[in-house]
Amino acid sequence: MKRIYRNTVKGVAFMTLFFSMACSDILNEEPRSIYEPGYFQTEKGVLGGLTSMYAHLRYIYGQAYYYNICLTGTDEVTWAQSADANFKDADLTSGGQMTSSTSRADVVWDAAFPNINTASGVIENAIEVGLDPALIAEARFFRAFDYFLMVQTFGGVPLDLGAGELKFNTSTARTSVRNTVPEVYTKGIFPDLLIAVNDLPDAPRIVGGVTKTAARLHLAKAYLTYAWWLENPNNIPTYPESPRSDPDGHDAAWYFQQAYNVATEAIANPGPFGLQATFYDVNLAQNDRNKEILLFADHTESSEFYNGGSLTYGNGAAPDNFAGWMMTWNYTNIRSAGKEDGTEAVSSVQREAVQALGRPWIRMCPTINVIENTFADKTRDARYDGTFTTVYRGNWPKGGTSNPVLYNANNLPVYPGDAILSFLNEEPATPIDYYLPDKKDASNVGAGVLPDRADYVVSPRGISRLIYPGLWKLGPYRTDNGSGLGQPNAGSTRPFNIAKFSELYLIAAEAAVKGAGGSQSARDLVNVLRARAGKWRWDNNGNTAKEADYSDVLTAATPSVITIDYILDERSREFYGEGYRWFDLVRTQSWKSKAGSYEICGVNAGDHTPVTYNRNIENHHYLRPIPRAQLDRLEMTAAEKLAYQNPGYVEDFED
């Protein structure tokens, strides 16, 4: 594979990282102008290769086009008003069609294989240079991590990169053979993760370093995913074709039980990890890198070098963290009146580098179904309020506008910090007047008016591809804004969260639903998170402290019999918009049943009529296509390339 091995050399050379043994809590990054395979035969080289594995996460997580294919086309997300083919193709509606040229799965393909090869180089050379087993275990974790990501995305992928299975390759290879799914799991993923669980420390050696708990989470999830693959309840085809049997002779039930055992063992022995007291605290920017986060792709506002990108402007490319832009609608279009007579339009909500706002790109939006059904309980379950921005507040003085007061809906006065536009929790008893902007106090963005309210409003059934609740979870945060708007055009300097302690409960619960046994039932496990969801200390919607505890109400409402469908709903409430959803629906083979249709209003201001869209989800879509650019690099015949590609994706090759 030409691309794989050239990237292995070039990519690591560009961002080779070295950690200082004198400083145990940070990673010090030093770029190298040259990189040679023999460098791994030195302690510094092995340590540099190891540390580069953390940097490679930035090229996948926070990369918005990859983020898009993890969510768009699921029940969580559809394309928004400014979407291009990257998003419409992923949605599989409105003429969109996934192809090997348009699928952005190339992001993970191009980032994972170089890192896999680097990990193999570290593993092969680490013992000779005297590296501690705990450090070697980090390399094993990342090799398994990338292979797990790849096998879920593409099916079977190569274990041999040119020098033999799981061997460090030092020369360009332009041919490739894909291993089967069972081979990738049983030869690559499981052995590496088992060693990682055994050898990794309980506490991270550096901030963000991988640990025993992180390894257990990924091992449990790999067992769970492989168990579903073996069971194959809906007869989804695999590729390369292979029997749905395990080389080690275990059946799906055995792997579901292992998933349960490993996840509950991690819960019982958490090390320094655990749940935050409230859901709000999990994703609050000021609380980033908290004890619930097991793995993240890190960024910082303290240095462009350590951030991996500009601190003042983002151009929409990795390694910037720009995923949060995608589900941010253009709230900056909102205008209020500068004069009481309704004249002198003023931008009342300006682009600002704060968690509730950020840079709008309008490429992705939630479906009405998510707002109405997934987050049906918006007043007691804190997860809706801790996921979305539902109120847009006036900040015009920070942009230099001196008006002490503006005039908004119903020509009523609004002041800095007041609600300018609100997304309602439910349909109001009084119909919303969604008149078009032909009145002096009408909303120019097509939001509506209710009597005696100064804020414009949109109800759940009124959200559209143009105007919708923003994703508060991923919003930016800076401490250097001063009294102004800060740097909202830069990529986010927050870490992108990849793995959370809370997922262990839902992995174990899912395994229990599939028959695994233990001291905790699926309902017990789910209710741990539902109890936490009932605890409030802050109300984003009201921008005020809120001391409330609805834990008993939420746990009592949990069904006595938990189903996979209910687990999936809970996963969406916990992890909405974080990039889990496509993998969840593919793993459980429920993509079509959960996301085959959805509702959303149109792309124009004032369009608040829901339309039902049907997705063309076919069985072959359960695997992403091998990137066309990769196929073009292979020295194979046209027939061999066609055989290499996942079935269902049309290709036209020339010999």
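Within segment 64-82, the set of residues being more than 16 Å from Thr153 (Cα to Cα) and either crowded, with 24+ Cβ neighbours inside 10 Å or in contact with a strand residue (DSSP E or B) (Cβ under 9 Å, 6 or more places away or on another chain) (or both) comprises Ala64, Asp75, Glu76, Val77, Thr78, Trp79, Ala80, Gln81.
Just for segment 304-341: of the residues that are among the aromatic types (Phe, Trp, Tyr) and in contact with a helix residue (DSSP H, G or I) (Cβ under 8 Å, 6 or more places away or on another chain), which one is nearest to Trp472 (Cα to Cα)? Filtering first and then ranking leaves Trp325. Among the candidates Asn614, Asn646, the residue that is surrounded by fewer than 15 Cβ atoms within 10 Å (Cβ to Cβ) and at pLDDT 95 or above is uniquely Asn614. Only helices (runs of 4 or more DSSP H) whose full extent lies in segment 246-357 are considered here, and the ones with at least 2 residues that are touching a strand residue (DSSP E or B) at 6+ places or on another chain (Cβ under 9 Å), under 30 Å from Leu504 (Cα atoms) and aromatic (Phe, Trp, Tyr) are 279-283. Restricting attention to segment 477-512 and to residues that are among the hydroxyl-bearing types (Ser, Thr, Tyr) and assigned to a loop (DSSP other than H, G, I, E, B), the residue that is farthest from Gly314 (Cα to Cα) turns out to be Ser502.
Got a sec? Which of Pro201, Pro158 is in contact with a Ser or Thr (Cβ under 9 Å, 6 or more places away or on another chain), within 18 Å of Ala139 (Cβ to Cβ) and part of a loop (DSSP other than H, G, I, E, B)?
Pro201
The residue list Gly484, Gly491, Gly470 contains one member that is surrounded by fewer than 24 Cβ atoms within 10 Å (Cβ to Cβ) and modelled with pLDDT of 95 or more, which is Gly484.
Matching residues to (1) surrounded by 22 or more Cβ atoms within 10 Å (Cβ to Cβ); (2) under 23 Å from Val513 (Cα atoms):
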{"site": "Leu230", "(1), (2)": "no, yes"}
{"site": "His250", "(1), (2)": "no, yes"}
{"site": "Tyr255", "(1), (2)": "yes, yes"}
{"site": "Gln276", "(1), (2)": "no, no"}
{"site": "His299", "(1), (2)": "yes, no"}
{"site": "Ser302", "(1), (2)": "no, no"}
{"site": "Tyr313", "(1), (2)": "no, no"}
{"site": "Lys339", "(1), (2)": "no, no"}
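Looking across segment 236-251, not a single residue is touching a Gly at 6+ places or on another chain (Cβ under 6 Å) and of a type in the set (A, V, I, L, M).
Take the conditions surrounded by 16 or more Cβ atoms within 10 Å (Cβ to Cβ), touching a residue at least 60 places away in the same chain (Cβ under 8 Å) and closer than 21 Å to Asn68 by Cβ and apply them to Trp538. Does it pass? No, not satisfied.
Among Thr99, Thr93, which is among the β-branched types (Val, Ile, Thr), under 28 Å from Ser176 (Cβ atoms), more than 18 Å from the chain's Cα centre (by Cα) and surrounded by fewer than 24 Cβ atoms within 10 Å (Cβ to Cβ)?
Sole residue among the options that is among the β-branched types (Val, Ile, Thr), under 28 Å from Ser176 (Cβ atoms), more than 18 Å from the chain's Cα centre (by Cα) and surrounded by fewer than 24 Cβ atoms within 10 Å (Cβ to Cβ): Thr99.
The residues listed here are Ala442, Ala508; of these, the one that is in contact with a helix residue (DSSP H, G or I) (Cβ under 7 Å, 6 or more places away or on another chain) and not charged (D, E, K, R) is Ala508.
When the residues of segment 33-50 are filtered to those that are modelled with pLDDT of 85 or more and in contact with an Asp or Glu (Cβ under 9 Å, 6 or more places away or on another chain), the one that is farthest from Gly209 (Cα to Cα) is Gly48. Taken together, the residues in segment 381-417 that are touching a strand residue (DSSP E or B) at 6+ places or on another chain (Cβ under 7 Å) and among the aromatic types (Phe, Trp, Tyr) amount to 4.
The values are calculated or read from the model by the stated rules, or taken from the named source; none is laboratory data. Bear in mind that the values here come from a model prediction, so they are computed numbers and not experimental data. Neighbour counts are summed over all protein chains in view; Cβ atoms, including those assigned to glycine, are modelled from backbone coordinates with ideal geometry.
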